[in-house]
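Enquirer: Here's a structure for you.
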Amino acid sequence: MTLGGLALAVGILVDDATVTIENIERYREEGQGDREAILEGAAQIAVPALVSTLCICIVFLPMFLLGGVARYLFVPLAEAVIFAMIASYVLSRTLVPTLAMYLLKPAVEGAAPSRNPLVRGQQAFNRGFERVRLGYRGLLTRLVDRRLVFIPVFLAICLCAFLLVPRLGENFFPDTDSGQFILHVRAQTGTRIEETARLADLVEEVIRREIPAAEVDAILDNIGLPYSSINWMHSSSGVIGAADADILVSLKADHRPTADYVRTLRQKLPAEFPGMTFYFLPADIVTQILNFGLPAPIDIQIAGADIEGNRRVADEMLNELRQVPGLVDLRIQQRFDYPKFDVAIDRTKAGQAGFTTRDLANSLLISLSGSFQTTPTFFLNWQNGVSYNLATQTPQYRIQSLHDLENIPISSPAVPRPGILANVASITRSNEMAVLSHYDIRRVVDIYGAVQDKDLGAVGRDITRIVDAHRAHLPRGSFLSVRGQLETMRTSYVGLLTGLAFAIVLVYLLIVVNFQSWLDPFIIITALPAALAGIVVFLFLTGTTLSVPALMGAIMSIGVATANSILVVAFAKERLGEHADAATAAVEAGFTRFRPVLMTALAMIIGMVPMALGLGEGGEQNAPLGRAVIGGLLCATVATLIFVPTVFALLHGRRSSGASR
């Protein structure tokens with residue numbers, strides 16, 4: 001994220017130097033000498049540039065108040081931008097004026113026109129730009145004269161743009177095409193690992209049939225439980241037994257969108273393999289982190305001691321959740337149909353035969369699991385000094401049926417001859433839970449799900465409605481909660497929106513301190529509604545959902561939009577002190593600051609274009625941030641050049657007329 005912060009700040013870093021050089025050039029065009037122009041030009045904008053820089057830095061202060069994953073993602077970005085901005089301001093006040101003294105050539109009167117095509121192109125551009133600037137002055141003059149009509153119309157247009165907010169959709173982070181996906185396959189509970197491997201091969205054949213061979217880089221199957229309990233504990237795929245398998249498919253560089261293949265496989269695999277469960281796991285590291293180790297972005301969790309009652313509620317909710325558009329890969333993580341055999345000991349017969357319950361349990365354990373747990377035995381090879389474990393166990397191929405289980409021999413130190421299990425016990429079939437899950441000590445039942453072709457916010461609202469409707473059906477002492485990305489997204493949104501409002505307040509108070517006025521800072525921040533409206537419109541036009549990076553871009557736009565408005569209002573205030581005409585001062589400020597405002601805004605927008613295009617591996621992750629900054633700056637620049645001077649003329653004009661009366 002530090003590199004993302006530098007990419008975000010690359011356009012702003014030239015702003016201070018751009019404004020400094022432009023102001024120096026303006027003084028030189030007015031006829032002052034080079035030294036005087038440099039000193040006057042740099043000194044005039046020292047305070048406004050400082051306030052502008054602080055405004056951009058201070059909007060990132062709420063980032064340090066965030067919690068959870070958003071804090072770890074965006075605090076490094078904020079630090080990179082803040083440190084870069086401070087360095088940029090220091091250099092623009094020291095190095096840039098010094099270099100201007102030695103590198104800017106003085107204008108020579110009566111010099112012959114240059115034949116350099118680059119110089120001629122620059123001169124032609126300046127003539128065209130001057131015509132645009134004169135046209136802008138005429139437009140601004142007419143708007144200032146009709147300010148009582150223009151200001152309400154402009155605000156109404158900005159407010160209408162916010163009607164598009166419900167149509168944007170909400171996501172935590174944008175989906176990225178990492179060029180790979182992980183398919184989790186779950187056969188019937190209790191399936192042996194050999195059968196699971198065979199089924200995984202059949203599923204792999206379907207995958208190869210749907211994805212062209214030229215696009216497949218590698219397919220890796222991971223079947224069953226990890227041998228080490230540590231690896232199992234840190235697994236994020238939700239495996240519960242030998243019937244589970246993960247199939248990792250890596251695609252080559254030039255491949256079709258991975259989401260298209262995932263969508264096709266979601267439709268075809270359940271039809272070709274009925275009775276099996278398929279769901280897709282997060283393949284990229286960012287999504288795995290955002291899921292906090294869960295195998296799905298949505299986790300509806302029922303916690304309580306009454307596990308059967310919780311299961312019934314989970315089944316009812318699952319049927320309703322299947323009707324929610326965009327909600328896919330729905331399943332109950334805990335399986336309740338794991339097959340088992342119950343051995344019922346006839347204590348009377350066992351006692352008559354001289355066997356105790358302990359004898360039967362030890363005999364079963366040794367025969368089915370080995371003797372090492374009850375009677376550890378070691379063999380030391382004196383030739384190589386290695387100690388080997390020795391265990392006694394019935395070969396698995398000798399136990400293939402229920403009849404083989406009944407014929408397991410049982411022994412006891414008190415009985416000279418062994419017996420068989422069927423003489424003293426009966427065996428019946430039953431089911432149990434395949435896995436026991438706990439959260440905060442309580443037993444839980446989890447409903448996992450993912451989102452496809454719809455935003456997480458819309459799906460989350462439907463989930464919340466269903467969850468709230470079933471709270472009354474919970475058994476006594478059970479609790480229902482929604483975890484995963486949905487919970488984290490809502491928490492992050494609250495933090496970022498609060499930070500957005502806090503940033504506006506901080507910027508306003510900072511400007512109040514520097515301007516020693518409550519009115520002028522209010523005029524400066526009147527560009528912010530246009531900036532926020534521009535963000536909404538640009539996200540809507542580009543088909544980008546609202547997300548955490550987009551909100552970060554909105555916070556960034558507030559600082560930059562305020563910085564440009566400061567330049568205009570500060571110069572207008574200076575001109576107002578000279579001739580006391582608010583309308584004329586507003587027009588002069590807009591006309592004079594037209595070039596630096598455009599240059600700083602364009603530098604920022606151009607710097608955001610590569611990020612907004614989402615180029616490169618994982619570029620989709622920061623694309624909403626760049627698009628939000630571009631949309632906010634486009635409209636904020638328009639507001640800075642036409643709306644802010646108009647508001648300045650209106651409010652200071654009324655103050656001047658009131659003071660004269």
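Enquirer: When residues of segment 384-420 are filtered for being under 57 Å from the mean Cα position of the chain (by Cα), surrounded by 11 or more Cβ atoms within 10 Å (Cβ to Cβ) and assigned to a loop (DSSP other than H, G, I, E, B), how many remain?
Expert: 5
Enquirer: When you go through Y448, Y439 one by one, which is the residue that is closer than 30 Å to N319 by Cβ, surrounded by fewer than 16 Cβ atoms within 10 Å (Cβ to Cβ) and in contact (Cβ under 8 Å) with a residue 24 or more places away in the chain?
Expert: Working: Y448 fails: surrounded by fewer than 16 Cβ atoms within 10 Å (Cβ to Cβ).
Within the list Y448, Y439, the selection yields Y439.
Enquirer: A follow-up question, please. Considering every residue within segment 524-532, establish whether at least one is in contact with a Gly (Cβ under 6 Å, 6 or more places away or on another chain), more than 19 Å from L634 (Cα to Cα) and either open to solvent by less than 10 Å² (accessible area, probe 1.4 Å) or modelled with pLDDT under 85 (or both). Working first, answer last.
Expert: Residues of segment 524-532 in contact with a Gly (Cβ under 6 Å, 6 or more places away or on another chain): 531.
Applying the additional criterion that residues be more than 19 Å from L634 (Cα to Cα) yields none.
Taking every residue of segment 524-532 in turn, none turns out to be in contact with a Gly (Cβ under 6 Å, 6 or more places away or on another chain), more than 19 Å from L634 (Cα to Cα) and either open to solvent by less than 10 Å² (accessible area, probe 1.4 Å) or modelled with pLDDT under 85 (or both).
Enquirer: If T277 satisfies all but one of (1) open to solvent by less than 60 Å² (accessible area, probe 1.4 Å); (2) under 26 Å from the mean Cα position of the chain (by Cα), what's the number of the condition it fails?
Expert: It fails just one condition, (2).
Enquirer: Restricting the search to segment 120-159, which residues are open to solvent by 80 Å² or more (accessible area, probe 1.4 Å), without any contact (Cβ under 8 Å) to a residue 12 or more places away in the chain and not aliphatic (A, V, I, L, M)?
Expert: R120, Q122, Q123, F125, R127, R131, R142, R146
Enquirer: Then there's this: Does segment 533-554 include one or more residues that are open to solvent by less than 30 Å² (accessible area, probe 1.4 Å) and either free of Cβ contacts under 8 Å to residues at least 12 places away in the same chain or farther than 30 Å from R461 by Cα (or both)?
Expert: In the first step, residues of segment 533-554 are kept if they are open to solvent by less than 30 Å² (accessible area, probe 1.4 Å); the result is 533-536, 539, 544, 547-554.
Filter once more, so that each one left must be either free of Cβ contacts under 8 Å to residues at least 12 places away in the same chain or farther than 30 Å from R461 by Cα (or both): none.
No; the residues of segment 533-554 include none that is open to solvent by less than 30 Å² (accessible area, probe 1.4 Å) and either free of Cβ contacts under 8 Å to residues at least 12 places away in the same chain or farther than 30 Å from R461 by Cα (or both).
Enquirer: Filter segment 339-371 down to the residues that are among the small types (G, A, S) and under 15 Å from I420 (Cβ atoms) and list them by number.
Expert: If the condition is that a residue be among the small types (G, A, S) and under 15 Å from I420 (Cβ atoms), then A350, A353, G354, S363, S367 are the ones that fit.
Enquirer: Please tell me if V505 is closer than 15 Å to A296 by Cα and open to solvent by 10 Å² or more (accessible area, probe 1.4 Å). So that I can check it myself, show each step before the final result.
Expert: Details: closer than 15 Å to A296 by Cα: no; open to solvent by 10 Å² or more (accessible area, probe 1.4 Å): yes.
Against the criterion (closer than 15 Å to A296 by Cα and open to solvent by 10 Å² or more (accessible area, probe 1.4 Å)), V505 does not qualify.
Enquirer: Moving to a separate point now. Condition test on L497, is it surrounded by fewer than 15 Cβ atoms within 10 Å (Cβ to Cβ), under 28 Å from D175 (Cα atoms) and in contact (Cβ under 8 Å) with a residue 12 or more places away in the chain? Steps first, please.
Expert: On the way: surrounded by fewer than 15 Cβ atoms within 10 Å (Cβ to Cβ): yes; under 28 Å from D175 (Cα atoms): yes; in contact (Cβ under 8 Å) with a residue 12 or more places away in the chain: yes.
Judged against the criteria, L497 is a match.
Enquirer: Does D175 qualify as being within 30 Å of L290 (Cα to Cα), open to solvent by 30 Å² or more (accessible area, probe 1.4 Å) and out of contact with any strand residue (DSSP E or B) (no Cβ under 7 Å at 6 or more places or on another chain)? Please lay out each step first, then the result.
Expert: Details: within 30 Å of L290 (Cα to Cα): yes; open to solvent by 30 Å² or more (accessible area, probe 1.4 Å): yes; out of contact with any strand residue (DSSP E or B) (no Cβ under 7 Å at 6 or more places or on another chain): yes.
For D175, the condition - within 30 Å of L290 (Cα to Cα), open to solvent by 30 Å² or more (accessible area, probe 1.4 Å) and out of contact with any strand residue (DSSP E or B) (no Cβ under 7 Å at 6 or more places or on another chain) - is met.
Enquirer: Among the residues of segment 580-622, what is the count of those that are open to solvent by 30 Å² or more (accessible area, probe 1.4 Å), of a type in the set (S, T, N, Q) and either closer than 29 Å to L546 by Cβ or touching a residue at least 40 places away in the same chain (Cβ under 8 Å) (or both)?
Expert: Residues flagged as open to solvent by 30 Å² or more (accessible area, probe 1.4 Å), of a type in the set (S, T, N, Q) and either closer than 29 Å to L546 by Cβ or touching a residue at least 40 places away in the same chain (Cβ under 8 Å) (or both) within segment 580-622 amount to 1.
Enquirer: Based on what the data block shows, is N381 open to solvent by 40 Å² or more (accessible area, probe 1.4 Å), touching a Ser or Thr at 6+ places or on another chain (Cβ under 9 Å), over 24 Å from A243 (Cα atoms) and of a type outside the set (A, V, I, L, M, F, W, C)?
Expert: Details: open to solvent by 40 Å² or more (accessible area, probe 1.4 Å): no; touching a Ser or Thr at 6+ places or on another chain (Cβ under 9 Å): yes; over 24 Å from A243 (Cα atoms): yes; of a type outside the set (A, V, I, L, M, F, W, C): yes.
For N381, the condition - open to solvent by 40 Å² or more (accessible area, probe 1.4 Å), touching a Ser or Thr at 6+ places or on another chain (Cβ under 9 Å), over 24 Å from A243 (Cα atoms) and of a type outside the set (A, V, I, L, M, F, W, C) - is not met.
Enquirer: Here is a further query. Against the definition (surrounded by 20 or more Cβ atoms within 10 Å (Cβ to Cβ), modelled with pLDDT under 85 and more than 22 Å from the chain's Cα centre (by Cα)), how does I511 come out, yes or no? Write out each step before concluding.
Expert: Working: surrounded by 20 or more Cβ atoms within 10 Å (Cβ to Cβ): yes; modelled with pLDDT under 85: yes; more than 22 Å from the chain's Cα centre (by Cα): yes.
In short, yes.
Enquirer: Return the pairs, sorted by first residue and then second, in which the second residue is part of a helix (DSSP H, G or I) and among the aromatic types (F, W, Y), the first residue lies in segment 250-276 and is in contact (Cβ under 8 Å) with a residue 60 or more places away in the chain, the beta carbons are less than 9 Å apart, and the residues are 6+ apart or on different chains.
Expert: Hits for this filter: L251/Y261; H255/Y261.
Enquirer: Name, by its number, the condition in (1) in contact with an Asp or Glu (Cβ under 6 Å, 6 or more places away or on another chain); (2) over 30 Å from E487 (Cβ atoms) that does not hold for A450.
Expert: With (1) in contact with an Asp or Glu (Cβ under 6 Å, 6 or more places away or on another chain); (2) over 30 Å from E487 (Cβ atoms) applied to A450, the lone miss is (2).
Enquirer: Conditions: (1) open to solvent by 40 Å² or more (accessible area, probe 1.4 Å); (2) in a helix (DSSP H, G or I). Q32 meets all but one. Number of the miss?
Expert: (2)
Enquirer: Scan the helices (runs of 4 or more DSSP H) fully inside segment 250-344 and keep the ones with 1 or more residues being modelled with pLDDT under 90 and closer than 30 Å to G619 by Cα. Don't jump to the end; show me each part of the working.
Expert: Numbers: elements: 258-272, 285-290, 307-321.
Of the helices (runs of 4 or more DSSP H) lying wholly inside segment 250-344, those with at least 1 residues that are modelled with pLDDT under 90 and closer than 30 Å to G619 by Cα span 258-272, 285-290.
Enquirer: On to the next question. Please specify each residue of segment 421-436 satisfying the condition of being part of a loop (DSSP other than H, G, I, E, B) and surrounded by 15 or more Cβ atoms within 10 Å (Cβ to Cβ). Quick ask: steps written out before the conclusion?
Expert: Residues of segment 421-436 part of a loop (DSSP other than H, G, I, E, B): 424, 433-436.
V424, M433, A434 - these are the residues of segment 421-436 that are part of a loop (DSSP other than H, G, I, E, B) and surrounded by 15 or more Cβ atoms within 10 Å (Cβ to Cβ).
Enquirer: What's the number of the only condition in (1) at positive phi; (2) more than 21 Å from the chain's Cα centre (by Cα); (3) crowded, with 18+ Cβ neighbours inside 10 Å that Q516 fails to meet?
Expert: (3)
Enquirer: Going through segment 484-494 one residue at a time, which ones are in contact (Cβ under 8 Å) with a residue 12 or more places away in the chain and open to solvent by 50 Å² or more (accessible area, probe 1.4 Å)? Working first, answer last.
Expert: Step one: of segment 484-494, the residues in contact (Cβ under 8 Å) with a residue 12 or more places away in the chain are 484-486, 488-493.
Listed by number, the residues that qualify are R490, T491.
Enquirer: In addition: Given the options P624, P645, name the one that is assigned to a helix (DSSP H, G or I), closer than 28 Å to V81 by Cα and at pLDDT 80 or above.
Expert: On the way: P645 fails: closer than 28 Å to V81 by Cα.
Going through P624, P645 in turn, just one is assigned to a helix (DSSP H, G or I), closer than 28 Å to V81 by Cα and at pLDDT 80 or above: P624.
Enquirer: Condition check: within 57 Å of the chain's Cα centre (by Cα) and more than 30 Å from R312 (Cβ to Cβ). Does V343 satisfy that? Outline the logic, then answer.
Expert: Working: within 57 Å of the chain's Cα centre (by Cα): yes; more than 30 Å from R312 (Cβ to Cβ): no.
Criteria not met by V343.
Enquirer: So which pairs qualify, if the first residue must be in segment 319-338 and farther than 22 Å from S437 by Cα, the second must be among the aromatic types (F, W, Y), the Cβ gap must be under 9 Å, and the two must be at least 6 apart or on different chains?
Expert: Every condition considered, the pairs that remain are V328/Y279; V328/F280.
Enquirer: Then there's this: Determine which member of the set T258, T287 is among the hydroxyl-bearing types (S, T, Y) and under 22 Å from P549 (Cα atoms).
Expert: Details: T258 fails: under 22 Å from P549 (Cα atoms).
Just one listed residue meets the conditions, T287.
Enquirer: Okay, next question. Any residue at all in segment 563-578 that's among the hydroxyl-bearing types (S, T, Y) and either within 20 Å of L155 (Cβ to Cβ) or open to solvent by less than 10 Å² (accessible area, probe 1.4 Å) (or both)? Break it down into steps so the answer makes sense when it comes.
Expert: To start, the set of residues in segment 563-578 that are among the hydroxyl-bearing types (S, T, Y) comprises 565.
With either within 20 Å of L155 (Cβ to Cβ) or open to solvent by less than 10 Å² (accessible area, probe 1.4 Å) (or both) added as a condition, the list becomes 565.
Within segment 563-578 (the criterion being among the hydroxyl-bearing types (S, T, Y) and either within 20 Å of L155 (Cβ to Cβ) or open to solvent by less than 10 Å² (accessible area, probe 1.4 Å) (or both)), the answer is yes, since at least one residue qualifies.
Enquirer: Which of the numbered conditions does S371 fail, given that it passes all the others? Conditions: (1) surrounded by 14 or more Cβ atoms within 10 Å (Cβ to Cβ); (2) of a type outside the set (D, E); (3) part of a helix (DSSP H, G or I).
Expert: All conditions are met except number (3).
Enquirer: Given the conditions (1) among the aliphatic types (A, V, I, L, M); (2) at pLDDT 85 or above; (3) touching a Leu at 6+ places or on another chain (Cβ under 6 Å), and given that V629 satisfies all but one, which numbered condition is not satisfied?
Expert: Condition (3) is where V629 drops out.
The values are calculated or read from the model by the stated rules, or taken from the named source; none is laboratory data. Every value quoted in this text rests on a predicted model; they were computed, and no experiment measured them. Cβ: placed from backbone, ideal geometry, glycine included. Neighbour counts: every protein chain shown. To get the accessible areas, we keep the full protein, side chains included, count just its heavy atoms, and leave off ligands, DNA and RNA. Shrake-Rupley method; radii C 1.70, N 1.55, O 1.52, S 1.80 Å.
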